[in-house]
Amino acid sequence: MANRNASAPALRRFGPASAVEAQRVARTPRPIGDYAGRSGYDPAFVDAAQPLPLPGSGAWEVAGVDPAALSDGDHPHELKYTHFSVKVSKKRRLPLFSAVNIDGAKSDRTVKRTNIWRFDPRIGREFQILDGVYGGDKEGFFSRGHMTRREDPNWGDKKTAKLADADTFHATNACPQRQSFNGGIWLGLEDYILDNTDQENIRISVITGPVFQDDDPVYYDVPIPLEFWKVVVFTNAATRQLTAIGYKRSQARLLPTRRRRFIFGDFQDSQVSIAGLSEDTGLDFSAYVPFDVLEKGDPGMQIALASVKDLYLSP
């Protein structure tokens, strides 16, 4: 995990959390039993013949799940939600990644936004952030940025889709982001890939997370990730083959860091090799590398993107 530059000094809070903000956070977690039966991420969702497991956590220490919430065969560090799963870094108190299965043929975009953020009772609250760095809608400098986008797991029958939407509003699925970060290619990537899948198998899996650096700038006593990434897996419409792409987006330009040196290839949006993402994040993506459209390129390759249409979807 590369270092960048000395962290910026912590900024003072711009104002107290508003009354609206206070209403958006549920202070009392739901009972552990309410999470029973969550399906979580399905490795075989896109291609049953070539299942792709969750990335390995490498040297990162991952928050353990309360044994009372585990069923036989469950991974002790995997938080299962409706159609997605999360692993949380103990050191950073933020998700290492969030992995979701999306069924484009069954997607329900009519689900009303839940908009109530919660702690997850299945891991320690000391590993979750809902306050401090996040302020009110007007006063706050950072928003709770969904890792699994709230619309993505909202498929199936109406009850399931509604539960999936609510599940995305957990502290375990959020990282501090500037509000203006959450747009452009980042916002439209999943929809664009769905439009380029084999329409007989209109399914994709998306894994999203932050790039943690030792010198990430600190605001309100929280180190803020400057970069975020996605790995998207799909059946290519042209080749009918299992395909993966890697993507990164930076919010460095949106943060008032006082000292930051130029980094070659430092683009706001870029397509990157999945092998390179392994080096950047410390996570194990070895199962995904053979399906990467940039697999034959240098691991350090970054292709600047101005639009989702600039993405390479085939080798």
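Stokes-Einstein at 20 °C, 1.002 mPa s, Kirkwood radius from Cα pairs: D for region 65-115 in µm² s⁻¹?
163
Over 26 Å between C-alpha atoms is what I'm after, so list which of Lys87/Lys296; Lys90/Lys230; Lys90/Lys248; Lys80/Lys158 land there.
Lys87/Lys296
When the helices in the chain are scored as -39500 (n - 2.57) per DSSP H run of 4 or longer and the sum is shared across all residues, what 222 nm value do you end up with, to the nearest 500 deg cm²/dmol?
-3000 deg cm²/dmol
For the ranges 185-197, 101-113, what's the packing order if you count other beta-carbon atoms within 10 Å of each residue, average per peptide, and put the highest first?
Ranking, from highest mean packing down: 185-197, 101-113.
Let me make sure I get this right: for region 23-310, a, b and c are the square roots of the gyration tensor eigenvalues over alpha carbons, sorted descending. Under 1.5 in a/c it's rounded, otherwise prolate if a/b > b/c, else oblate. Which is it?
Rounded, since a/c falls under 1.5.
Neighbour counts of other C-beta atoms within 10 Å: give me Ser180, Ser98 arranged from fewest to most.
Taking fewest neighbouring Cβ atoms as first place, the list is Ser180, Ser98.
Of His146, His170, how do they rank once you tally other Cβ atoms within 10 Å and put the fewest first?
Ranked by crowding around the Cβ, least crowded first: His146, His170.
Using only alpha carbon pairs under 8 Å that are at least six residues apart, calculate the relative contact order of the chain and give it in whole percent.
21 percent.
Each value in this text was obtained by applying a stated rule to the coordinates, not by laboratory testing. Keep in mind the model is a prediction, meaning the values are calculated, not measured. Glycine gets a Cβ as well: all are built from the backbone with ideal geometry, and neighbour counts include every protein chain shown.
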